[in-house]
Amino acid sequence: MSGDASVIRWPSCRRRRAASPVLPEELVVWEILVRLPAKPLLRCRAVCRSWRRRTSEAAFLLAHHRRQPSLPLVSFHGPLPAAQRQPYRRLPARARPIRAVVDAALDTLDLRPSPSVRNPVLGFNDYNYYRDYCVHASCDGLLLLSLGNNRFYLCNPATRQWTGLPSLTGATGVALYPHVSSGEYRVLYWKGGAFVNHRDVVYHVLTVGSSSSAAPAPRRIETAASASPSAKRFVAAGWLHRSDHPAVPLRGCLHWILQGSPPEKVIVVFYTAAESFRTMPSPVVAAWDWPRLLEMDATLAVSWVDKSQTMMKLWVLRDYERGVWSLTRRIIFPLVEIRSIVNNCRFHGTVVSEDGDVLLHCPRCFHMFHSDTNKGELLQTLCWRNVFPRPVGHCFRESLVRHQFFERQPGELRIID
């Protein structure tokens, strides 16, 4: 070997890139990027202009939304002074407590991994018993909620966009749905309700998304003409007023199961195309209380928790047109394991996924229990120190689809990272 220093020549970057295997961009976009959650996908847009352009197309955004998991929404808030738990209006002026506030959050809970994962959706820094918030609808990545000021907002947490809906101020109940033929999003809402001097409830339809620049004003639905004889007495009295048991959209209709004071256990159906009401039978429940309506495997299902808080029954609608129900499962709650952790609590059971995941929670404790509907086994014990969890009865699927009715503006709604 000569005295000259040895020179090692590395192949050029261009030759190395050519030699290494490269996935086709079509495969990267439609098999990898389309499966990412919203936040990682937005970061990947900075890789190159081609990725940014292709992941911003309407067809990709819609496919990305359909690939996202539908996860249950859970409300979390810290402990509040005991005095605030008393109804504010019943207390004399001098006895009313200072309205202390705490942080609150609305998160999705991914139960597929163990332990489960909380994903932030919305955050509130002024929560208390008098400034509560309520989620009325979750549809196509949009959340319709009302705040303690009795005002309604429509927001997309994934894109950090929101808009106010002043026409809904003072509404007793609302339901959000996509209108298929027009491509609009509409809100069915009503003001008044049961116990309001027995007056008929007035129903309106508000268009919040339109291809035109100006959406029309809310339209009134005449109950006498739009409701069948079987549905008229329930609809006119406003028995659709319970927001903690929201409407279930299916087959272009909205469905509510009546509960509480009505002697009959029926399901009220609203046809979004014809804008008319009718009823359909619900399972015979006898002494069972507080049914919950949900969607499982593209059909309706009804769950009940018995008065002893030991068992849940699950009914599935086998024939939608004829209203034929079938009792599919009896779930015995794992109370032995639960009572060893938390005692003297009344539990509420909620089916939160199409796979049959059940969340058991008590309003007065920091624990929540994850069970399944197959064997009733306790899968996970969830606990957050000094934080009260509560399933809100909705599921959320992220969406980056653009909507013209959104405007970026500062205000009372804060979306957290």
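Summary table
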| read-out | value |
| --- | --- |
| Exclusive hit being modelled with pLDDT of 90 or more and surrounded by 14 or more Cβ atoms within 10 Å (Cβ to Cβ), set Phe60, Phe124 | Phe60 |
| Subset of region 140-163 that is at positive phi and touching a Lys or Arg at 6+ places or on another chain (Cβ under 9 Å) - its residue that is surrounded by the fewest Cβ atoms within 10 Å (Cβ to Cβ) | Arg160 |
| Selection count, region 277-309, where residues are open to solvent by 30 Å² or more (accessible area, probe 1.4 Å), in a strand (DSSP E or B) and modelled with pLDDT of 75 or more | 5 |
| Test: Leu360 is assigned to a strand (DSSP E or B) and either farther than 17 Å from Leu73 by Cα or touching a Leu at 6+ places or on another chain (Cβ under 6 Å) (or both) | no |
| Residue that is nearest to Pro79 (Cα to Cα) [pool: residues in region 371-385 that are open to solvent by 30 Å² or more (accessible area, probe 1.4 Å) and outside any loop (DSSP other than H, G, I, E, B)] | Cys383 |
| Cβ-Cβ under 7 Å pairs, at least 6 apart or on other chains, region 386-401 side part of a strand (DSSP E or B) and at pLDDT 90 or above, far side surrounded by fewer than 19 Cβ atoms within 10 Å (Cβ to Cβ) and among the polar types (S, T, N, Q) | Cys395/Ser70 |
| Of all residues in region 335-361 being over 23 Å from Asp297 (Cβ atoms) and under 20 Å from the mean Cα position of the chain (by Cα), the one that is surrounded by the most Cβ atoms within 10 Å (Cβ to Cβ) | His361 |
| Arg322 being at pLDDT 85 or above, outside any loop (DSSP other than H, G, I, E, B) and charged (D, E, K, R) | no |
| Close pairs from region 137-163: first basic (Lys, Arg), partner surrounded by fewer than 20 Cβ atoms within 10 Å (Cβ to Cβ) and not in a loop (DSSP other than H, G, I, E, B), Cβ under 8 Å, at least 6 apart | Arg151/Gly164; Arg151/Pro166 |
| Cβ pairs under 9 Å, 6+ apart, first in region 309-326 and farther than 15 Å from Ala298 by Cα, second of a type in the set (Phe, Trp, Tyr) and outside any strand (DSSP E or B) | Gln309/Phe333; Gln309/Phe347; Thr310/Phe333; Met311/Phe333; Met312/Phe333; Lys313/Trp288 |
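The values are calculated or read from the model by the stated rules, or taken from the named source; none is laboratory data. In this text the structure is predicted, and so the values were computed from the model without any measurement. Backbone-built Cβ (ideal geometry, glycine too); neighbour counts: all protein chains shown. Accessible surface is based on the protein model in full, side chains and every heavy atom, while ligands, DNA and RNA are left aside. Shrake-Rupley method; radii C 1.70, N 1.55, O 1.52, S 1.80 Å.
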